[in-house]
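Scroll down for the structure; my scribbles are underneath it.
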Amino acid sequence: MKKVFNSIDDVSKLFIAQTQDFAGTPYTHIDGRGKGRRFYFKGNTIYSYRDNYPLAKIVENKLFVIETPYSITTAKHRTSVIRACDNLEMVLSNDFKKGINIDHIIEKLLKLIFNTKKYYSTYKDNLNDWLKNTDYSFTKSKFPLLFDKKHNKLKQMFFSNDVETFNLAKQIIKQEKLI
């Protein structure tokens, strides 16, 4: 059986059909875009990037798909899985992800926010979505700015839609070494 495909749609179709235990995109460059196995499934779970980013899972004739993808590529993967799903009841949910610690995702989003020179509300919106979702577990003590009540005003400034307020909050956070 063929296990490596250049098309994410082919991988999605095989995942939905469940006719084999594994398939994915190749480890090498695909049309000059990135490298690594970015999309694959093992058994009844399909992943975007790596094992700690499950994208969808088939359980008892239902397809559980994550509600909020964490990147543009993952959104494309999610769309491919949804398009391939024709014979299963689809449920948009994050229930199958319970128990997975997402500290690394929060850290990555914070790095993106702090290392970009321009104002990127997309990263802030993604971070805010992760924090509001109670289905995920994360280490609150690692992120005092985001969870300590004494930092609420600074947190409000940080998530402000005003560019100047946001930049001021970034400066204060860097000076105080809160992240």
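Which residue pairs have Cβ atoms closer than 7 Å, lie 6 or more positions apart in sequence or on different chains, and pair a first residue in segment 140-156 that is under 14 Å from Leu127 (Cβ atoms) with a second residue that is of a type in the set (Lys, Arg) and at pLDDT below 80?
Listed pairs, sorted by first residue: Phe147/Lys140.
Could you please give the count of residues in segment 147-179 that are of a type in the set (Asp, Glu) and within 25 Å of the chain's Cα centre (by Cα)?
Residues flagged as of a type in the set (Asp, Glu) and within 25 Å of the chain's Cα centre (by Cα) within segment 147-179 amount to 1.
Looking only at residues in segment 8-21 that are out of contact with any helix residue (DSSP H, G or I) (no Cβ under 9 Å at 6 or more places or on another chain) and surrounded by fewer than 15 Cβ atoms within 10 Å (Cβ to Cβ), which one is farthest from Phe41 (Cα to Cα)?
Thr19
Starting from segment 7-20, take each residue that is within 10 Å of Val81 (Cβ to Cβ) and list its partners that are among the β-branched types (Val, Ile, Thr) and in a helix (DSSP H, G or I), counting only C-beta distances under 6 angstrom and pairs at least six apart or across chains.
Note: pairs meeting the criteria are Ser12/Val81.
The values are calculated or read from the model by the stated rules, or taken from the named source; none is laboratory data. Here the structure is a predicted model, which is why all the values come from computation and not from measurement. In this analysis, Cβ positions are derived from the backbone assuming ideal geometry, glycine residues included, and neighbour counts consider all displayed protein chains.
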